[in-house]
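Here is the structure we will look at, set down as structure tokens.
The values are calculated or read from the model by the stated rules, or taken from the named source; none is laboratory data. Small disclaimer: the values here were computed from a predicted structure and weren't measured. Glycine gets a Cβ as well: all are built from the backbone with ideal geometry, and neighbour counts include every protein chain shown.
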Amino acid sequence: MLNIGTILYLNPFHFKNGATPKNKYFIILKSVDSKIIIASLPTSICKAPSLINHSHGCNHDPERCFNCFAFEAGKVVCTNGFAFPLPTFMYGNEVEEYEIDKLNFDHKIEGVDYEIKGQLTESDSLEILNCLKQSASIRRGVKKHL
């Protein structure tokens with residue numbers, strides 16, 4: 001379940017900062033020593049509409065310190081045919097490390113607490129990693145693992 005490139009939908013996701021839990025997609029980008037995973041919580045919120053054209057792929061503007069991977073609504077991104085229903089964005093500054101133990105997956109029930117949406121295609125997985133590696137806003141320790 002915690003394989004690189006897996007997209008989960010958590011019902012709800014409990015944020016590290018204590019913010020109100022809500023349902024969120026969760027994309028696993030890397031596993032580190034089977035204790036920590038590097039992941040992103042993509043969002044349907046476009047934080048820089050004037051900088052990106054919403055086309056599928058990497059949107060990187062180093063002059064403005066902006067990095068985002070955009071998913072087009074309805075474009076298949078997983079090997080099982082899964083596509084995000086809305087335009088969805090992954091921002092470099094929102095890639096985080098999560099301790100697997102604190103995510104409590106051992107106590108979650110598939111179909112109730114989470115859904116496995118699919119496995120990213122190899123091409124999308126590589127494109128996302130290459131895009132995020134360009135980001136100046138990813139913390140150095142996280143970037144090193146990517």
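Brief remarks on what is shown
- Yes/no for N53 being closer than 23 Å to I4 by Cα and either among the polar types (S, T, N, Q) or modelled with pLDDT under 90 (or both): no
Conditions tested, residue by residue: (1) of a type in the set (G, A, S); (2) within 19 Å of L126 (Cβ to Cβ); (3) part of a loop (DSSP other than H, G, I, E, B).
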{"site": "G18", "(1), (2), (3)": "yes, no, yes"}
{"site": "A48", "(1), (2), (3)": "yes, no, yes"}
{"site": "E63", "(1), (2), (3)": "no, no, no"}
{"site": "N67", "(1), (2), (3)": "no, yes, no"}
{"site": "A73", "(1), (2), (3)": "yes, no, yes"}
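- Hey, K133 surrounded by 11 or more Cβ atoms within 10 Å (Cβ to Cβ), touching a helix residue (DSSP H, G or I) at 6+ places or on another chain (Cβ under 8 Å) and over 15 Å from P42 (Cα atoms) or not: yes
- Residue that is modelled with the lowest pLDDT [pool: residues in region 90-146 that are aliphatic (A, V, I, L, M), in a helix (DSSP H, G or I) and within 16 Å of F13 (Cα to Cα)]: L103
- Pairing each residue of region 49-68 that is on the phi < 0 side of the Ramachandran plot with any residue that is at pLDDT below 85 and in a strand (DSSP E or B), provided the two are 6+ apart or on different chains, yields C-beta distances under 6 Å for L51/D61; L51/F66; N67/H60.
- For I36, the conditions (1) modelled with pLDDT under 90; (2) within 16 Å of M90 (Cβ to Cβ); (3) hydrophobic (A, V, I, L, M, F, W, C) all hold with the exception of (2).
- Remark: S50 falls outside the filter, which requires a residue to be small (G, A, S) and either within 25 Å of G18 (Cβ to Cβ) or touching an Asp or Glu at 6+ places or on another chain (Cβ under 7 Å) (or both).
- Pairs, first among the polar types (S, T, N, Q) in region 2-19, second surrounded by 13 or more Cβ atoms within 10 Å (Cβ to Cβ), C-beta under 6 Å, six or more apart: T6/I28; T6/Q119; N11/D113
- Looking across region 68-84, the residues that are under 15 Å from the mean Cα position of the chain (by Cα) and of a type outside the set (G, A, S) come down to C68, F69, F71, E72, V77, C78, F82, F84.
- The one condition from (1) without any contact (Cβ under 8 Å) to a residue 24 or more places away in the chain; (2) crowded, with 18+ Cβ neighbours inside 10 Å that I109 does not meet is (2).
- Unique match (being touching a residue at least 24 places away in the same chain (Cβ under 8 Å), of a type in the set (K, R) and surrounded by 11 or more Cβ atoms within 10 Å (Cβ to Cβ)) among K75, K30, K22: K30
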